[in-house]
Every structure is written in C-alpha cells, then in structure tokens.
Amino acid sequence: MTPEELVEALQRYRDKAAAAMPEVAMAMADHYKDHLTRVTLRRTYAAPGQFGSPAPPGSPIAYRAGFLARSVTSWPGASSGASASAHVAPHTVYSAVQEYGREIFARNFPYMRWYNDRGWWMKKRVTVPPRPYMHPALADVVADGSLRAAAVLEFRIMTAGWQY
C-alpha cells in the first residue's frame with residue numbers, strides 16, 4: 001500500500017466511524033436509561049399507602065407507581081464529525097426535587113394541605129431531602145463497564161462488513 005492509499009483508507013475509516021457515532025451515542029443513552037429505570041429506580045419499593053419514602057436520604061427514591069421511571073426518555077443530540085451526543089432525562093414535575101432536594105413553601109394559601117394514611121396534614125413548608133438517582137445510575141454503568149460495552153457492541157454492529 002502506498003502512502004497515498006494509506007491516507008485514503010484512513011480517511012474512509014474515519015468517515016465510516018463518524019457515521020456510526022450517532023447510533024453509538026444513542027445505544028449508550030438507551031443502556032443508561034434502561035439501567036436507571038429497571039435497576040436504580042427499583043432498588044427500594046414503597047408499600048401502597050406508605051407515607052414518606054422508605055429509602056434513606058441520599059439514596060434513590062422508593063418505587064411506588066412507576067411514574068418517574070416511565071417518564072424517563074432518551075433522544076439524540078447534536079453530532080458532527082467523530083463526536084455525537086444523546087440525552088436521557090425524566091419528565092415529571094418532581095424529578096429535580098427528588099434528585100437534588102428542595103424546600104417547598106405554601107404559595108397561594110397559608111398552608112399546603114394533603115391527606116395520606118396518617119390523616120390530614122397542613123404545613124407551611126416541607127423539606128424534601130436529596131434522593132439522587134440519575135448520578136448513581138450513571139456511576140453504576142461506568143463502574144461496571146456496561147456503558148462502554150454497549151458502545152463497543154453498537155460500534156461493531158454499525159461497522160460490520162467494513163472492507164480493510
């Protein structure tokens with residue numbers, strides 16, 4: 001192979017790899033989403049009607065009806081050249097409150113009011129401790145190597161049949 005042919009071959013490989021990157025990024029996002037919704041958000045279950053979260057502060061919230069898990073979606077992001085991105089995020093109104101914690105104050109009335117298995121409650125404010133689930137799920141799939149494995153598998157699928 002001449003130097004010119006080598007340059008052309010390397011450029012072809014670069015272009016084929018760049019074409020595969022959006023699918024690889026989506027495979028990684030989908031793997032992360034699956035781990036988040038099927039493992040991390042199901043580590044602790046809450047009994048029906050149970051008040052509060054049985055999960056200790058600092059750990060992922062307890063699984064109740066699955067609204068948070070079902071709200072998580074993944075979608076492709078920007079791509080150019082040999083880089084691509086994809087996104088994963090929940091879409092419930094309380095998702096960020098659970099991830100980062102928050103102090104919630106009554107706004108339109110002097111008190112917030114709700115009912116649960118312990119009766120009626122009235123509070124001027126409620127403190128929700130952080131119960132991160134996004135960051136721990138990502139740390140899990142990075143640490144166990146499964147995120148990388150998902151990327152490698154998708155890359156091999158997308159580049160199968162390349163002629164060297």
Point to revise | Residue, farthest from Ala47 (Cα to Cα), within the stretch 74-91, restricted to residues that are touching a Lys or Arg at 6+ places or on another chain (Cβ under 9 Å) and modelled with pLDDT under 95 | key: Gly81
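So that you can scan it fast, the table gives a plain yes or no per residue for (1) basic (Lys, Arg); (2) closer than 21 Å to Arg156 by Cα:
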site	(1), (2)
Arg12	yes, yes
His31	no, yes
His35	no, no
Thr40	no, no
Arg64	yes, no
Ala78	no, no
Check your understanding: Filter the stretch 45-73 for residues that are closer than 18 Å to Val126 by Cβ and touching a strand residue (DSSP E or B) at 6+ places or on another chain (Cβ under 7 Å); which is modelled with the highest pLDDT?
Key -> Ala62
Exercise for review: Starting from residues that are assigned to a loop (DSSP other than H, G, I, E, B) and not hydroxyl-bearing (Ser, Thr, Tyr), keep the ones in the stretch 35-44 and report whichever is modelled with the highest pLDDT.
Suggested key: Val39
Check your understanding: Is it true that Thr159 is modelled with pLDDT under 95, over 16 Å from the mean Cα position of the chain (by Cα) and closer than 17 Å to Ile61 by Cβ?
Key -> no
Exercise for review: Would you check which residues across the stretch 123-153 are farther than 30 Å from Phe105 by Cα, of a type in the set (D, E, K, R) and in contact (Cβ under 8 Å) with a residue 40 or more places away in the chain and list them?
Suggested key: Asp140
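Quick check: anything in the stretch 38-46 within 28 Å of Ala151 (Cα to Cα), of a type in the set (Ser, Thr, Tyr) and within 14 Å of the chain's Cα centre (by Cα)? Give the derivation first.
Just the residues of the stretch 38-46 that are within 28 Å of Ala151 (Cα to Cα), to begin with: 38-43.
If we keep only those that are of a type in the set (Ser, Thr, Tyr) as well, we get 40.
Among the residues that remain, those that are also within 14 Å of the chain's Cα centre (by Cα) are: 40.
Within the stretch 38-46 (the criterion being within 28 Å of Ala151 (Cα to Cα), of a type in the set (Ser, Thr, Tyr) and within 14 Å of the chain's Cα centre (by Cα)), the answer is yes, since at least one residue qualifies.
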Study note, to complete from the structure: Exception for Ala82 within (1) under 21 Å from the mean Cα position of the chain (by Cα); (2) small (Gly, Ala, Ser); (3) under 19 Å from Val152 (Cα atoms) falls at (1)
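Mind counting the residues in the stretch 98-128 that are in a loop (DSSP other than H, G, I, E, B) and either surrounded by 14 or more Cβ atoms within 10 Å (Cβ to Cβ) or within 20 Å of the chain's Cα centre (by Cα) (or both)? Steps first, please.
So in the stretch 98-128, the residues in a loop (DSSP other than H, G, I, E, B) come out as 101, 106-111, 117-118, 124.
Subset that is either surrounded by 14 or more Cβ atoms within 10 Å (Cβ to Cβ) or within 20 Å of the chain's Cα centre (by Cα) (or both): 101, 106.
Summing the residues that are in a loop (DSSP other than H, G, I, E, B) and either surrounded by 14 or more Cβ atoms within 10 Å (Cβ to Cβ) or within 20 Å of the chain's Cα centre (by Cα) (or both) in the stretch 98-128 gives 2.
The values are calculated or read from the model by the stated rules, or taken from the named source; none is laboratory data. Values in this document were obtained by computation on a predicted structure and should not be read as measured data. FYI the Cβ positions are ideal-geometry reconstructions off the backbone, even for glycines, and counts take in every protein chain you see.
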